[in-house]
Amino acid sequence: MAAKQVSKKAKSRRVFGHARKQPKMFRVGLYARVSTFDQHTIPLQIRALREYAAKRGWTLAMQVKEVGSGALQRQLREKLLDAARRREIDVVLVWRLDRWGRSVADLLATLQELGHLGVGFVSLTEALDLTTPAGRAMAALLAVFAEFEREILRERVRAGLAHARQNGKRLGRPQTAALQTGQVRKLYRAGISKSEIARRLQIGRTSVRRILAAKP
């Protein structure tokens, strides 16, 4: 009789009289990126990401492989972000932070958007897991560093501009066409066409037309 009671308790899905909640099956989107000259490493990334997702019990919803050189090339990454916006994935899993973000500011912006969408983010190499309280605290720290980076950049720009003004340098784009106003009008009075004037003086035809349309 006692054995039957123990058996019933072991099979019961109720905890303290309440139904036990089933763990949520997270849908994960994998993102792997390599440079044009390092394409042979992408299978290694994908295999490691798949193994990690399997260990966490996540369901593979989509997989993105991106190949490209340069910090600005992340076109396929947008597919993963669109899937997050449509609530088709619950977690984004990447190999390394620099594979995902173009810069600290870009990394922070995308992490904040994913956070607002309720989508987790995990970077395998850095062991950064924003699905945990510790990971979210790390994301907040990244925000501090990003703001620090922006402030340092602003200070450098202001210092550079101030130094240039002190040395009498003119700031802004050089007025190449405006400096040749007299030459433009002289050639035009000599019967030279506007397109030929632009070619000879190496300025835009729009600039030539603007100079001739203005009152002398």
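Things to note:
- Rolling a 1.4 Å probe over the protein chains gives MET25 an accessible area of about 120 Å².
- Interchain or long-range residues, amide H under 5 Å from GLY120's placed H: VAL91, VAL92
- Judged by the mean number of other Cβ atoms found within 10 Å, the most tightly packed of the peptides 115-125, 45-55, 27-37, 151-161 leads the ranking 27-37, 115-125, 45-55, 151-161.
- Modelled spin-label separation between ARG185 and ALA164, with each label point placed 7 Å from Cα along the Cα-to-Cβ direction: 3.0 nm.
- One decimal place: the segment GLU88-MET62 gains 8.4 nm when fully extended, by the rule 0.36 nm per residue minus the C-alpha distance.
The values are calculated or read from the model by the stated rules, or taken from the named source; none is laboratory data. Keep in mind it's a predicted model, so treat the numbers as computed, not measured. Here the Cβ is made from the backbone with ideal geometry for all residues, glycine too, and neighbour counts use every protein chain on show. Surface accessibility is based on the protein's heavy atoms, side chains included, excluding ligands, DNA and RNA. Shrake-Rupley method; radii C 1.70, N 1.55, O 1.52, S 1.80 Å.
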